[in-house]
1. Where in the range A:25-94 are there trypsin sites (Lys or Arg not before Pro) that are in a DSSP coil and have at most 10 other Cβ atoms within 10 angstrom of their Cβ?
2. Return the single residue from B:V51, B:V30, B:V229 with maximal mean-square fluctuation; model: Gaussian network over chain B, springs between Cα atoms under 10 Å.
3. Given labels modelled 7 Å from the Cα in the Cβ direction, how far is it in nm from B:R7 to B:L41?
4. May I ask you to list, by number, the DSSP H helices of chain B whose Cα span along the axis is at least 27 Å and whose average Kyte-Doolittle hydropathy reaches 1.0 or more?
5. Between B:A223 and B:R156, how many nm apart are label points set 7 Å from Cα along the C-beta direction?
6. Rounded to the nearest 0.05, what FRET efficiency do A:A91 and A:H38 give with R0 = 25 Å and r taken as the Cβ-Cβ distance? Could you check?
7. So which residue, out of B:L114, B:L76, B:L242, gets the largest mean-square fluctuation from a GNM of chain B using Cα contacts under 10 Å as springs?
8. Show me, for the range A:58-73, the HN-Hα J-couplings you get by feeding each phi into the Karplus relation (A = 6.51, B = -1.76, C = 1.60, θ = phi - 60°), rounded to Hz, glycine and proline as x.
Amino acid sequence: MPRDAAAMSEQTYYVLAALLDGPLHGHAILKRVAALTHDRVVLAVGTLYGALDRLAAHGVIVVEREEVVNGRRRRYFRITPEGSGLVAAEARRMQQAAALVTSRTLGAICAF
Amino acid sequence: MTRLERRYRAMLRFYPAGYRDAHGDELLDVLLETAEPGRTLPAARECAGLVAGGVQARVRANTRTNPWWDGLHLGLTAIMVAQAAAFLPYTGSVPIWTALSLAALLAVLRGHHLIALPLVALTGVKAFTISDGQQFFELTLLPVYPDLLTDQPLFRSTTPFAVSATYVLVAVGLIALASRRAGHVRSGWWLALVPALAWMGPEWMDRDLGYPLSLSRLILEAALLGAGVWAGYLARDPRWALGGALYLVAVSTEMAQHLSDLTGQHLGYWGLLGFMTFAAAAVPYRQRRHALD
């Protein structure tokens with residue numbers, strides 16, 4: 001990974017952030033991501049499940065349990081401690097990056 | 001079942017069968033729950049997501065075996081498709097050898113390498129003797145003229161060395177695969193490539209040249225190598241590069257026999273296959289943009 005590059009894409013960040021409050025199934029993850037981003041990030045179902053498969057392969061989420069609803073299986077995904085650590089580290093990185101700009105622009109506005 | 005559900009089920013066929021059996025209903029459930037009321041056509045962005053997700057799932061499903069042995073199997077399969085395609089237009093004159101060549105390919109596709117080996121040896125000897133103007137096993141009227149797909153006599157522009165070299169390469173590879181006792185299986189769709197590769201294609205080069213190339217073959221080879229580059233990019237896996245490299249060795253053996261006759265079109269074709277094989281080898285080792293990619 002290039003130095004200082006993001007550890008994850010924006011989509012991955014919001015999927016992991018959606019799981020911080022507890023295990024969710026696919027549809028609930030979609031709704032939580034849309035709510036967290038005020039409908040700015042709306043994932044397609046194929047994209048979401050591709051991301052979930054990839055994250056599970058990396059061990060940052062696991063399948064907590066399965067339920068059968070209307071005769072169809074539904075998996076609940078849980079973020080692992082490693083996943084929580086990664087998303088927290090990404091949040092700090094973005095916070096530091098944002099501070100580089102906001103500290104100056106806010107300073108300039110206050111000097112006015 | 002509603003019309004929308006039936007259409008989404010059809011879209012799910014982009015996913016491999018195993019994935020559909022395990023998670024198809026779950027995806028369908030979410031697709032239907034997120035659809036606007038009254039919708040009968042799948043949303044374009046959902047279709048794009050299902051196509052991309054399905055192709056990625058198929059690529060991932062193909063990377064569970066050892067990449068080097070599977071790459072060897074892939075390369076041998078591609079060469080054997082070309083070998084069967086060489087016989088196909090002459091089926092009326094040499095039906096046994098076309099059938100044996102197709103049977104060898106089918107055996108390799110099903111992972112029966114020891115069954116394929118004698119079939120490859122027999123067709124290899126026959127191919128060599130035809131290209132060298134000799135007889136083997138049965139009397140064959142030479143030159144062998146085509147019935148369909150091309151207007152060139154069998155092995156007219158191929159040297160006996162190039163013919164035998166590719167058969168020796170396949171035989172050695174099959175012995176190596178058989179020694180591992182691991183059956184590699186590929187889709188029967190590879191058989192559909194045989195007539196496509198045999199077709200001489202639309203007029204492109206002067207047919208009187210010592211070594212005319214087929215435009216349709218070039219397009220098919222470039223498309224397959226392009227798919228290999230993409231798969232290697234998605235999966236960060238070298239098996240498609242190895243398969244392409246083996247096929248390139250077979251093509252290069254042929255090209256090397258005609259060095260003095262090569263035109264700019266030949267060099268462009270050779271360069272394109274070489275570049276795409278190199279790209280397939282390079283993309284698995286590209287730098288990661290994100291740690292979780």
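Quick note: the coordinates plus some simple rules give every number you see, no bench work behind them. Fair warning: this is a prediction, and the values are worked out from it, not measured in the lab. Quick reminder, even Gly has a Cβ in these numbers, built from the backbone with ideal geometry, and neighbours come from all protein chains shown.
1. Here the sparse-neighbourhood loop sites are A:R40.
2. Comparing B:V51, B:V30, B:V229 in a Gaussian network model of chain B, the most mobile one is B:V30.
3. Label-label distance for B:R7 and B:L41, simple model: 0.7 nm.
4. Result, helices passing both filters: B:160-180, B:215-235.
5. 2.6 nm
6. 0.90
7. Result for chain B, Cα springs under 10 Å: B:L114 fluctuates most.
8. Karplus values, whole Hz, x for Gly and Pro: 7, x, 8, 9, 9, 7, 6, 6, 10, 10, 10, 10, 6, x, 10, 6.
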